[in-house]
Each structure stands twice: as C-alpha cells, then as structure tokens.
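Since every read-out is calculated from the coordinates, none of them should be taken as a lab result. Keep in mind it's a predicted model, so treat the numbers as computed, not measured. Here the Cβ positions follow ideal geometry from the backbone for every residue, glycine too, while neighbour counts run over all protein chains shown.
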Amino acid sequence: MTPLAVKYDVFQAIADPTRRHVLQLLATSDKPISLISENFSISRTAVVKHLNILEQAELVSAQKKGREKVYTLHAEKLKEIEDWLQYFDLFWDNKLAQLQNIFEEN
C-alpha cells in the first residue's frame, strides 16, 4: 500500500449497496470476478473497484487461480458492526419498555 492509499474500515466498506450485495454473493461460496460481475449492471472495472475497497477493509481476500482472481468472504470482520449495533439494542429495549409502561397505565 502506498503512503497516499486510502485504508477503508468495515463501516465505510459496507456503506455502499453494491458492496453489500457483493458480500451477500460471497456468503454462499467463493466466487471469481466473472461470476460476481454478472450480477451487476455496472462494468467489471467498477466491480473490481468495489472489491478492492472490500479487500482494504479485510472483508474479502483474493487468490489468483489460473487467469482469474477468486474472492473469499471474511465474515468475522463484520463482528465489529454487530458489536456496535448491540449498543443500540439497549436503547430500543428501553424505548419499548417505556412504551409498554404507557400502554399498561392506560
């Protein structure tokens, strides 16, 4: 990585719907770029750019097989998002408890 290269984190990587779709595609099995690309109406080059961002966030890795790269999902990196979201579970639990109290009082 060059000094000027951007390092994406997990949150930045999943911010884009195309990248989230790529992650869903890779959840079932490793896939070559050709198979991934055929699921999108954007160019293969654009898909590769999305894959590069996912690689920088360590959500996927690529391995050269023959003439093509095959991508693998690293779902364990999504744990960071789950952990962050769990904080807000407490918020919603409290709000729901307050709402239940309002209904029970009436």
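What the table shows:
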read-out	value
Within segment 17-68, trypsin sites (Lys or Arg not before Pro) in DSSP loop having at most 11 other beta-carbon neighbours inside 10 Å	Arg67
Nitroxide proxy distance, nm - points 7 Å out along Cα→Cβ at Arg67 and Ile33	1.3
Amide H within-cut-off set for Ala57, under 5 Å, with H built and near neighbours excluded	Tyr8
Computed label-point distance, nm, for sites Ala75 and Gln98 using a 7 Å Cα→Cβ extension	3.5
Count of lysine pairs in the chain with Cα separation under 26 Å (8 or more residues apart, or interchain)	23
Cα gyration tensor category, rounded, prolate or oblate, for segment 10-49 with a/c compared to 1.5	oblate
